[in-house]
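Values quoted throughout were computed directly from the atomic coordinates according to the rules given, and no laboratory measurement underlies them. It should be emphasised that the depicted structure is a prediction, and the values quoted were computed from it without experimental measurement. All Cβ positions, glycine included, derive from the backbone under ideal geometry; neighbour counts span all protein chains shown.
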Amino acid sequence: MRLHVDLPQSPYDIVIEHGSLSKSGQWVKSLWQPQKIVIITDNHVGRLYAEKVKLSLEDAGFEVAVFDFLEGEARKNLTTVNKAYEFLAKAGMTRSDGIVALGGGVVGDLAGFVASTYMRGIHFLQIPTSLTAQVDSSIGGKTGVNTPYAKNMVGTFTQPDGVLIDPDTLQTLGKRELIEGMGEVIKYGLIDDVELWDELQHMDGSTDSILKHAESIIYRSCNVKRKVVVEDELDNGVRLYLNFGHTIGHAVEATAGYGQVMHGEAVAIGMVQIARVAEQKGLMPQGITEDIRLMCEKFGLPTSHEPWDVETLYTALTHDKKARGKTIKTVIVPELGRASINQIPLAEMKEYLER
């Protein structure tokens, strides 16, 4: 399966193919001239797949080195970025060389940020290995790292030259990591794809069902994101629809401590919370909160978080990138399969945090 992200300045393809990891060298060769490549990965994914990808790239004629860092959201910061810069410099990387991001969302975000800032930008490719990265973070060109103040506060918009998705990598994910990705998949069904929502309705929620439907749900999710990114590359309009559940979710992630609540889990919590209040205000249809809650819980996602401190969460929200002056843009779902922007005074956001 192949999807084309038709951006005027930097078009690229998303390739979804079982077993494609072992053929990654030929894929890269179809996109890049012979050059030095640094694979950026974490220690967990590196143990599983770095050697396979490295050998495939070397067989295709590339000179390859591997930089890995300790896995986890807590390592997605400027300290790790500086270590990567040092590695690239010692490896003699120039502006004619490239980076391959091999891993989940943390790896993709950090590797993309490193590539977009090292020597003012070198090219990069995404090979996402987690469900969250495959359906969401590897596509669209958002890169970034966390600060003590907010998630992804420092970052760039820089598109990859391509995305290679091998659904077989999901077989090696832990149960929690696999389930986490369903938070983003459920979001896509809610905001744009009723057929995807129907497919999720017919699944039994088990990890086996996720793996069985992996190719389909990845394709459908990627297609939603592809359409939105092409229409609004720099996140000024409809791309904000992708943030349904994220405004509150990011605050939960930050206040819980990075890595304590996984991203997809936080999105599920955020979707249920904002839907509940929006439904009470008449902005979302009656019963949709319960539908979202039941869908999330069917797949094993959390729908609440403790402790829930409104003031702490609100302080985190004031650093959200969607805040503009004294207002913030939130995303609601006025009907299944359609999203819209609800711009409100920042102070009113406290109402959306009340239990």
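The length gained on full extension between Ser10 and Asp161, counted as 0.36 nm times the residue separation minus their Cα-Cα distance, comes to 53.6 nm. Residues Arg47, Arg355, arranged from fewest to most other Cβ atoms within 10 angstrom of their Cβ, appear as Arg355, Arg47.
Taking Lys36 as the anchor, which lysines have their alpha carbon closer than 27 Å to its alpha carbon, excluding any fewer than eight residues away along the same chain? Within the straight-line limit of under 27 Å, Lys36 reaches these lysines: Lys23, Lys52, Lys54, Lys76, Lys83, Lys90, Lys142.
Obtain the nm distance between the two label points defined at Leu78 and Gln201 by a simple spin-label model: each point lies 7 Å from its Cα along the Cα-to-C-beta direction. Label-label distance for Leu78 and Gln201, simple model: 4.8 nm. Estimated from the Cβ-Cβ distance and a Förster radius of 35 angstrom, the FRET efficiency linking His319 and Asp291 is about 0.70. Taking every DSSP beta bridge that has both ends in the chain, the antiparallel portion is near 45%. Look at Asp309, Asp193 and count the other Cβ atoms within 10 Å of each Cβ; fewest to most, that gives Asp309, Asp193. For the range 2-172, the convex hull spanned by the alpha carbon atoms encloses 102 Å³ per residue. Give the shape of the chain as rounded, prolate or oblate, defined through the alpha-carbon gyration tensor: a ≥ b ≥ c are the square roots of its eigenvalues, a/c under 1.5 means rounded, and otherwise the shape is prolate if a/b is larger than b/c and oblate if not. Taking the square roots of the gyration eigenvalues as a ≥ b ≥ c, the chain is prolate. Its Cα gyration tensor gives the range 170-287 an equivalent ellipsoid, and the semi-axes of that ellipsoid, as √(5λ) in whole Å with the largest first, are 22, 19, 16.
Centre-to-centre, using Cα atoms only, the range 145-164 and the range 1-57 are separated by 19 Å. Going 7 Å from the Cα of Ile344 along its beta-carbon direction, which residues of the range 280-320 have the amide nitrogen within less than 13 Å of the resulting point? So the set is 280-284, 314. Rg over Rh for the range 77-191 works out to 0.99, both radii taken from alpha-carbon positions and Rh defined as the Kirkwood radius.
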